[in-house]
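The values are calculated or read from the model by the stated rules, or taken from the named source; none is laboratory data. Remember, it's a predicted structure, so these values are computed and weren't measured experimentally. Please note: Cβ atoms are built from the backbone with ideal geometry, for glycine as well, and neighbour counts cover all protein chains shown. The protein model used for the area step is the full one, side chains on, heavy atoms only, and it has no ligands, DNA or RNA in it. Shrake-Rupley method; radii C 1.70, N 1.55, O 1.52, S 1.80 Å.
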Amino acid sequence: MASQVAKSLIKANHVRSTVKFDTARRALSVAPVLQQKKSLPDRTGKNVVLVDGVRTPFLVSFTDYARMMPHELARHALLGLLQKTGISKDVIDYIVYGTVIQEVKTSNIGREAALAAGFSDRTPAHTVTMACISSNQAITTGIGMIAAGAYDVIVAGGVEFMSDVPIRHSRKMRSLLLRINRAKTPAQRLSLIASIRPDFFAPELPAVAEFSSGETMGHSADRLAAAFGASRLEQDQYALRSHTLAHEAQQKGYFTDLIPVKVDGKDGLVDKDNGIRVSAPEQLAKLKPAFIKPHGTVTAANASFLTDGASACLVMSEAKAKELGLKPKAYLRDFTYVAQDPVDQLLLGPAYGIPKILDKVGLKVSDIDTWEIHEAFAGQILANLKALDSDWFGQKYLGRQGKVGSPDLEKWNKWGGSLSIGHPFAATGVRLAMHTAHRLVREDGQFGVISACAAGGQGVAMLLERHPDATTQ
């Protein structure tokens, strides 16, 4: 595996003269590829399509978005989607939006963001939360609504804002304040106030930890990497690969799903992701373990960083898209959700989800042209790749005769991933979908797989098929 990652990294750093996509060559090369494979059947009766999607630049938390509120960031994504597609607000039937760390003032952030963006107060909206796959859940909820005939046009997306998260009083203090609020006399209030003790003032800080086990995700990633024999060197090499490929894609202008944001008090526009950093291998090697000390292998460089960002996409039936004069990016062919042991297999969602979705649609690993897999940690990615390529894992945990097979890294996260671009928890799913749709066009592919792990030991896998009308813009 180390050699695979190293070879991929070398290729990513090499200047490729063959990556120039002129219109004439594409016109000649796309048709044969699309003719080689049969289109997948529609399971919904509606041929549900991803028309388009956008995202704000993903920024390291506590940088340019720091003074905003999450619904404001979500508002930019919703307005950006309307502007990019040219669709009227009045055509939108329903909005499904994801978030994980909720701002208590805007708990149904889908509704608040929609109102802030000027949508009609008659357009219903609700908020979903499923950890890192929340916007995947938003998209698939929209698919279900369309398949059921309840609505025709859905906006799905998500937002995460880690620059300002709720910090609660201790339970003792909360209980006391509620009792003070119910006290009927000044004497009762004074008596309650007199009962305050120093430990009442200790706040409850949010943590990316499992409620069921109390273990942080980084600690779990470190154990998972060790279990599958993913070395520190492999993890650092993979992280460098992610940043290198993201930098390359950014420089080439491939991130056409990105919309600029005007932040009050800031000069100019925020128009690019700011967490992409290509470092020397020697610099990565100097970093100390972040979770299991002193012998752990997960560091700040090979783990995804706290990120602020929002996304939104437009989902409808193919017939509705044609009626509205829209050109879809991809067919949303199928999806599945998985769940497994949240202690020892917390981050193995892709290893369970990928074979399940492939079996469901009747495809093999070799049939997939693009892979867009969420990178929570480099160790998590390597563990999933090793699990997919393991006869033991396939037999013991998947009930198969042997291994699933390891995807070709030349087709894997070719524009970087969450390690480099950033990971606003509830916004990443739409990014994965849009990178899949755009890569299928640029790389002359037909089928793309999206997969991600999530807190609670859950995961998602989705199968997208390139639409004949798709473009990269």
If R0 = 45 Å, then ALA209 and THR471, at their Cβ-Cβ distance, give a FRET efficiency to the nearest 0.05 of 0.60
Calculate the spin-label point distance for SER175 paired with ALA150, positioning each point 7 Å from the Cα along the beta-carbon direction, and give it in nanometres. 4.0 nm
Per the Kirkwood treatment, what hydrodynamic radius in Å, one decimal, follows for the chain from the mean inverse distance over all distinct Cα pairs? 23.1 Å
Pop out the ³J(HN,Hα) list for the stretch 117-123 in order, Karplus 6.51 cos²θ - 1.76 cosθ + 1.60 with θ = phi - 60°, rounded to Hz; leave Gly and Pro as x. 7, x, 5, 4, 5, 9, 8
Rounded to whole Hz, the Karplus (6.51, -1.76, 1.60) HN-Hα couplings of the stretch 315-329, x for glycine and proline: 10, 6, 6, 4, 5, 5, 4, 5, 4, 8, x, 9, 10, x, 8
Quick one: of LYS252/LYS322; LYS38/LYS386; LYS84/LYS272; LYS46/LYS360, which pairs are farther than 21 Å apart, Cα to Cα? LYS252/LYS322; LYS38/LYS386
Grab the other residues whose beta carbon is less than 13 angstrom from that of LEU79, score K and R as +1, D and E as -1, and report the net. +4
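Please calculate how many Å² of accessible area the chain carries per residue, with a 1.4 Å probe and no DNA, RNA or ligand atoms counted.
Each residue of the chain exposes 43 Å² on average to a 1.4 Å probe.
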Whole-Å semi-axes of the ellipsoid equivalent to the stretch 307-415 (Cα gyration tensor, √5λ, descending): 29, 18, 14
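Can you divide the C-alpha Rg of the stretch 90-230 by 2.2 N^0.38 Å and report the result to two decimal places? Walk me through the numbers before you get to the answer.
Values: Rg = 21.5 Å, N = 141, 2.2 N^0.38 = 14.4 Å.
Compactness ratio reported: 1.49.
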Between LEU287 and ASP367, with labels modelled 7 Å along Cα→Cβ, what's the label distance in nm to one decimal, could you check? 3.8 nm
Ratio for the stretch 296-352, C-alpha Rg to 2.2 N^0.38 Å, reads 1.82
Once the in-chain neighbours fewer than 8 apart are removed, the lysines whose Cα is under 27 Å from LYS105 read LYS89, LYS172, LYS262, LYS266
What does the stretch 322-384 give for Rg and for Dmax, in Å, if only its C-alpha atoms count? 15.1, 49
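How would you rank 401-412, 48-59, 95-106, 260-271, highest first, on the average number of other Cβ atoms within 10 Å across their residues? Present the calculation step by step, with values, prior to reporting the outcome.
Values: 401-412: 16.8, 48-59: 27.5, 95-106: 21.6, 260-271: 12.2.
Ranking the peptides 401-412, 48-59, 95-106, 260-271 by packing returns 48-59, 95-106, 401-412, 260-271.
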For the chain, what does the helix formula give at 222 nm: sum of -39500 (n - 2.57) over DSSP H segments with n ≥ 4, over the residue count, nearest 500 deg cm²/dmol? -11500 deg cm²/dmol
At q = 0.18 1/Å the base-10 log of I(q)/I(0) from the Debye formula over the alpha-carbon atoms of the stretch 359-424 is -0.75
Whole-Hz couplings from phi, Karplus 6.51/-1.76/1.60, listed for the stretch 385-398; x for Gly and Pro: 4, 5, 5, 5, 9, 10, 4, 4, 5, x, 6, 6, 10, 10
Quick one: pull the percent of accessible area on the chain belonging to carbon and sulfur, 1.4 Å probe, ligands and nucleic acids left out. 54 percent
Counting only residues 5 or more apart in sequence or on a different chain, those whose built amide H sits under 5 Å from that of GLY275 are VAL60
Mean shadow area of the stretch 257-377 over all directions, Cα convex hull, nm²: 13.2 nm²
